[in-house]
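Take a look at the structure below.
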Amino acid sequence: MRVHASGSGPAVLWLHGYTMDSSTWRDLWALLPGRRHVGVDLPGHGGSGPMWPGTTLPDLAAEIAAVARAEGAHDVVALSFGSLAGIQLAVDAPDVVRRLVVAAPTIAGAPSEPGTAPRYRELMALRRAGADGAALADVWMSSPPDIFRGTQAHPRLRASLRTVIARHGWDELRTGAMAAFHRHTHTDEALGAIRADTLVLVGDAEMPTFAANADRLGGLVPRCRVVEMADAGHLCLIERPEAAARLIRSHLERSRADAQA
């Protein structure tokens, strides 16, 4: 996996959303000085190699854990699809993840948001027909599901995301490489065993499925707070970077201070 690092200080590992890459964190990183920000391009995204069919969620978490250990990162921030991996990382590698922030939380085995399956079928058909990246990006960023609805209030962000998504390879639509991820299940027992000090962020205009995921994490993860972000949708961290930076900084510094007390 391609790793991008910026800044100096205690390391924070960042896991991006589906069809995005580490470049989507730049605004947030600039608002969080005094940290070494380590962005991982997930397989099949950005500068990383392909997402191989048959790769399981624990396989992916093990790869990320190796990066975290190499970078000395014990703080993890994850968004949407990235939170799927971040949660698995916290389950499988409690020695690595001491502080966890998940936004737009995605729980393996939880119901999909209505409209998601038809959208994937449309994307697969377009990919088979030879549609270019820009056309696929426009379809993916339309509703339903309302993944990108919140970006409509932020034209610069929306344009930037479209550029990133338009260069996504979409090979997983052809190979079915994400199927193994969807076969995994985060059980209540697994979520309840997470030891990381956890902050769950959810936009006040989040889709119902993900709001329910936030409530579930809040009820199961022992050291967990759920915070609703005002005027934010699914991509709350990058829709409202200033507010997100304040919440992330407070969580990481507070939990670090508690651990040292």
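Residues in region 207-244 that are outside any helix (DSSP H, G or I), among the hydrophobic types (A, V, I, L, M, F, W, C) and in contact with a Leu (Cβ under 9 Å, 6 or more places away or on another chain): Val221, Cys224, Val226, Val227, Met229, Ala232, Leu235.
A single member of Ala196, Ala214, Ala179 is closer than 17 Å to Arg240 by Cβ, in contact (Cβ under 8 Å) with a residue 12 or more places away in the chain and not β-branched (Val, Ile, Thr), and it is Ala214. When Val96 is tested against (1) in contact (Cβ under 8 Å) with a residue 40 or more places away in the chain; (2) more than 17 Å from Tyr18 (Cβ to Cβ), just one condition goes unmet, and that condition is (1). Just wondering, is there one or more residues in region 45-55 that are of a type outside the set (Phe, Trp, Tyr), crowded, with 20+ Cβ neighbours inside 10 Å and more than 24 Å from Leu161 (Cα to Cα)? No - not one qualifying residue is present in region 45-55. Determine if region 25-41 includes at least one residue that is surrounded by fewer than 20 Cβ atoms within 10 Å (Cβ to Cβ), more than 28 Å from Ala205 (Cα to Cα) and not basic (Lys, Arg). Checked against the condition, which is being surrounded by fewer than 20 Cβ atoms within 10 Å (Cβ to Cβ), more than 28 Å from Ala205 (Cα to Cα) and not basic (Lys, Arg), region 25-41 yields at least one hit.
For (1) surrounded by fewer than 22 Cβ atoms within 10 Å (Cβ to Cβ); (2) modelled with pLDDT under 95, each residue gets a yes or a no:
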| site | (1), (2) |
| --- | --- |
| Gly169 | yes, yes |
| Gly176 | yes, yes |
| Ala193 | yes, no |
| Ala211 | yes, no |
| Cys236 | no, no |
| Glu239 | no, no |
| Arg246 | yes, no |
| Arg249 | yes, no |
| Arg254 | yes, yes |
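Among strands (runs of 3 or more DSSP E) entirely within region 1-106, having at least 2 residues that are β-branched (Val, Ile, Thr) and within 16 Å of the chain's Cα centre (by Cα) singles out 36-40, 75-79, 99-103. Considering only residues in region 4-24 that are in contact (Cβ under 8 Å) with a residue 60 or more places away in the chain and touching a Gly at 6+ places or on another chain (Cβ under 7 Å), the one that is farthest from Arg240 (Cα to Cα) turns out to be Ala11.
Take the conditions (1) touching a residue at least 12 places away in the same chain (Cβ under 8 Å); (2) within 17 Å of the chain's Cα centre (by Cα); Leu173 misses just one of them, which is (2).
Within region 16-35, the only residue that satisfies the criterion of being farther than 18 Å from Ala73 by Cβ and among the aromatic types (Phe, Trp, Tyr) is Tyr18. Taking the criterion of being closer than 12 Å to His4 by Cβ and among the hydrophobic types (A, V, I, L, M, F, W, C), the residues of region 32-41 that qualify are Val38, Val40.
The values are calculated or read from the model by the stated rules, or taken from the named source; none is laboratory data. This structure is a prediction, so every number in the text was calculated from the model and none was measured. So basically every Cβ, Gly included, is an ideal-geometry build from the backbone, and we count neighbours across all protein chains shown.
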